[in-house]
Amino acid sequence: MDRILKGLSRFQKRVYPKHRDLFQKLALGQRPEALFITCADSRIDPCMLTQTKPGELFICRIIGNVVPPYPDAIGGVSATIEYAVGVLGVPDVIVCGHTDCGVMKGVMNPEVLEPLTSVSAWLNYARPARDAVLPPEQSSADLELLLRLTERNVIQQLENLRTHPAVAARLEQRDLGLHGWLYDLGEGNVTAYEPGREAFVPLETPQPKLRAGRR
Ligand SMILES: [Zn+2]
């Protein structure tokens, strides 16, 4: 806890004064560019990953980046989605899974999760993804299968997202982008789901504009 408190003190003394204008502007309202739904895993920093500043991402952290289909489990996740999509009007939603996800490992080996009743119940929403990559009662520690499951889970949660009324309404108006990402923690790479190819492919990033006269 000491390190956290020292960090807070450093933020207030050094970081905040440098960005005072930004924080004072943000105190009046927000207009985030995307709802970013990702695992609660401590190794993911959505703002560092996307190089965004406070006010630019509306973030929903939840183990396994699981989105229950509407109207199941009405609670924090569904309320966050409704507020971000229906009230703040974010133009895009990103569901971001990640490599070495402990939760996905648990989904592959449900017997490990049995004592954790809340986690087990929550991860039932990853069950369709598991059944798509593994025979029903089989456990596995295969890393390739873990990656397939993690990808499949992102696709499943995108499907669940579409069942939420605020999302469905915006999709109907062709006014909302849905994106499935997979973040490789060790390599810093991100792949994105491309429905046309039914595959995760390296994310194309906008190329910097070449300045005239430069080679
Ligand atoms: Zn995770």
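The values are calculated or read from the model by the stated rules, or taken from the named source; none is laboratory data. Keep in mind it's a predicted model, so treat the numbers as computed, not measured. All Cβ positions, even for glycine, are placed from backbone atoms using ideal geometry, and neighbour counts span all protein chains on display. Protein only, heavy atoms only, side chains kept; ligands, DNA and RNA dropped before computing areas. Shrake-Rupley method; radii C 1.70, N 1.55, O 1.52, S 1.80 Å.
Of note:
- Residue pairs meeting the criteria (Cβ under 6 Å; at least 6 apart or on separate chains; first over 15 Å from GLY102 (Cβ atoms), in segment 121-149; second among the basic types (Lys, Arg) and open to solvent by 40 Å² or more (accessible area, probe 1.4 Å)): ALA129/ARG152; ALA132/ARG152; VAL133/ARG148; VAL133/ARG152
- Among the residues making up segment 120-175, those that are under 16 Å from the mean Cα position of the chain (by Cα) and open to solvent by 70 Å² or more (accessible area, probe 1.4 Å) are ARG152, GLU159, ARG162.
- Residues that are part of a loop (DSSP other than H, G, I, E, B) and surrounded by 10 or more Cβ atoms within 10 Å (Cβ to Cβ), drawn from segment 18-42: HIS19, GLN30, ARG31, PRO32, GLU33, CYS39, ALA40, ASP41
- For VAL112, the conditions (1) within 15 Å of the ligand (Cβ to nearest atom); (2) crowded, with 17+ Cβ neighbours inside 10 Å; (3) assigned to a helix (DSSP H, G or I) all hold with the exception of (2).
- Residues located in segment 143-192, provided they are among the β-branched types (Val, Ile, Thr) and either part of a helix (DSSP H, G or I) or in contact with a helix residue (DSSP H, G or I) (Cβ under 9 Å, 6 or more places away or on another chain) (or both): THR150, VAL154, ILE155, VAL167, VAL190, THR191
- Candidate set from segment 43-72 (those that are away from the ligand (no atom under 16 Å from the Cβ) and open to solvent by 50 Å² or more (accessible area, probe 1.4 Å)); member that is farthest from PRO91 (Cα to Cα): ASP72
- Checked against (1) hydrophobic (A, V, I, L, M, F, W, C); (2) in contact with a strand residue (DSSP E or B) (Cβ under 7 Å, 6 or more places away or on another chain); (3) free of Cβ contacts under 8 Å to residues at least 24 places away in the same chain; (4) away from the ligand (no atom under 16 Å from the Cβ), ALA40 passes all but condition (4).
- In a residue-by-residue description of segment 82-103, the property of being surrounded by 13 or more Cβ atoms within 10 Å (Cβ to Cβ), under 30 Å from GLU187 (Cα atoms), of a type in the set (Asp, Glu) and within 13 Å of the ligand (Cβ to nearest atom) applies to at least one position.
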